[in-house]
Each structure stands twice: as structure tokens, then as C-alpha cells.
Amino acid sequence: MMQLPETGHAPTEEDRASLDAWFAEYDAHSARRDVERMADLAVFPLNLVSDDAAGDGRAAQWDRARFVEVMTRVMQGGDEEAKEGNGEDITFESTRTPVFLSPAMAVVFTDSTTTTADGHSQRLRYADVLVRRDGRWAFQTMLQGGWGDQL
């Protein structure tokens, strides 16, 4: 059995830069509500961990079709204009704290504020588990409260 360091992987500058670049790309797709491109940055089946309206913990796995279906509905609220990519953009202000478990695995904790063009803001706290495959990051697990009723 391999002895792992007590603190996990100490990320290199390239590790951090590549993870930051992944989030910049994902946020850009999210801002445009381009759910298909968001899905391109995931590993399916995607694990989701959340809680529901009753306060119970929930977990599920989504395939790409389920991710696209739910994220389209959530991000675009059923607005046909938004579904066609003509909806207003969303801006993100995020503080991310990555914890590298290895050169190919990271858990990233995020505190974020999303703001729509009409000035509506929402604060979020969530975590993602990302894996690096073929030199590119992809998210594999999403952890965020309040999604359980969608699971």
C-alpha cells in the first residue's frame, strides 16, 4: 500500500492555473446559459448530493440528457427566448478554495454570487469534485443544498 502524504497533493502552479481555466470556461458557458457546453465539461454519470425541501439528504446520478433537461429548466426558467440562447447573461463573482487530493482529483469549495442583467442576485455555496483525464479537468460530482427535489 502506498503511503499518502498527510495533507494530500501540494498543487503546482500549473495545477492551479488549469483548474482556474476550467472554472473560467464553465462560468462563461453558464453565463450564456449554454447548457450543452456545460455538459461537455462533465463526466457522466454525474453524481449529485443535496438536500430536499423536507431537509433530508439526497443523492442521485444523472446521465447527460437528465443534466441538460434539469439545468435548462433551472437556468432558463422555461423562457423560450432564453432556451434559444437569447436570454440575458448572468455574471458570477466566486471565491474558490480547491483541495487537491492528487494531481488528478480536486474538491473545490465555492462561495458565489450570481447576478442577472436586471440586478437580481443570489448567493450560493457549493462544492464540486473534479477529475483530470487526458490533461483536462471535468466535474464528476456536484454538492449543493436545495437541489434534492430535482433528484
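No value in this document is a laboratory result; all are computed from the given coordinates. The structure displayed is predicted, hence computed values, not measured ones. Positions of Cβ are generated from backbone atoms using ideal geometry, with glycine treated the same way; all protein chains shown enter the neighbour counts.
Brief remarks follow.
- Among 70-76, 133-139, sorting by the average number of other beta carbon atoms lying within 10 angstrom of each residue, highest first, gives 70-76, 133-139.
- Per-pair calculated FRET efficiency, R0 = 22 Å: ARG37 and THR115 via Cβ, rounded to 0.05: 0.60
- For the chain, the longest principal axis of the C-alpha atoms and the axis of helix 64-76 are separated by about 50°.
- Our coupling estimate for the stretch 30-39, obtained by passing each phi through the Karplus curve with A = 6.51, B = -1.76, C = 1.60 and θ = phi - 60°, is 4, 4, 8, 6, 8, 5, 4, 5, 4, 5 Hz, Gly and Pro reported as x.
- Taking amide hydrogens as placed 1.01 Å from N in the peptide plane, the amide H of LEU101 sits under 5 Å from those of HIS9, ALA106, VAL107, each at least 5 positions away in sequence or on another chain.
- The tail of the calculated P(r) for the stretch 13-150 beyond 27 Å holds 18 percent of all Cα-Cα pairs.
- Computed from phi, the 3J(HN,Hα) profile of the stretch 141-151 under the Karplus parametrisation 6.51, -1.76, 1.60 (θ = phi - 60°) reads 9, 10, 10, 7, x, x, 9, x, 6, 8, 8 Hz, with x in place of Gly and Pro.
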